[in-house]
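One structure is given below, encoded as structure tokens.
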Amino acid sequence: MGKIRRKNYIFLTWKGDHSPRHVHVYRNAKFVVKFDLENRQVMTGKITGALLAIINELEREGLL
């Protein structure tokens with residue numbers, strides 16, 4: 001499991017998890033979104049432009 005904290009969010013990924021490659025995002029211990037990193041779409045929950053920018057930043061840094 002990978003766990004990253006950034007700007008009051010927690011991003012979780014699991015090695016060997018089901019396809020497509022995705023990230024689970026939490027804020028204040030509450031689920032926010034499950035985001036498909038391969039197809040760039042929300043699987044469950046809702047995403048804001050600011051949160052998408054953080055996900056993009058983490059991917060550029062090689063953390064997701």
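The values are calculated or read from the model by the stated rules, or taken from the named source; none is laboratory data. Note that this is a predicted model, so its numbers are computed, not measured. Every residue, glycine among them, receives a Cβ derived from its backbone with ideal geometry; neighbour counts consider all protein chains shown. Accessible surface is based on the protein model in full, side chains and every heavy atom, while ligands, DNA and RNA are left aside. Shrake-Rupley method; radii C 1.70, N 1.55, O 1.52, S 1.80 Å.
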Q) Given (i) 30; (ii) 45; (iii) 42, which label gives percent of Cα pairs over 17 Å apart as computed from the coordinates? A) (i)
(Q) Can you compute the modelled spin-label distance between residue 21 and residue 38, with each label point 7 Å from Cα toward Cβ, in nm? (A) 1.0
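Placing unit charges on C-beta atoms (Lys and Arg positive, Asp and Glu negative, everything else neutral), compute the dipole magnitude of the range 20-64 about its Cα centre in debye, rounded to 20.
On the way: 7 positive and 5 negative charges, 48 e Å.
Value, rounded to 20: 240 debye.
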Q: Counting other Cβ atoms within 10 Å, keep those with at most 12, restrict to DSSP loop, and tell me which GluC sites (Glu not before Pro) in the chain are left.
A: 38, 61
Q) Which lysines have a Cα lying under 22 Å from the Cα of residue 46, excluding residues fewer than 8 positions away in the same chain? A) 3, 7, 30, 34
(Q) Counting only protein heavy atoms and a 1.4 Å probe, tell me what percentage of the chain's accessible area is made up of carbon and sulfur. (A) 50
Q) For the chain, modelled as a Gaussian network with Cα springs under 10 Å, which listed residue fluctuates most, 46, 34, 15? A) 15
**Q.** CD proxy at 222 nm, helix term only [per DSSP H run n ≥ 4: -39500 (n - 2.57); per residue of the chain; nearest 500]
**A.** -6000 deg cm²/dmol
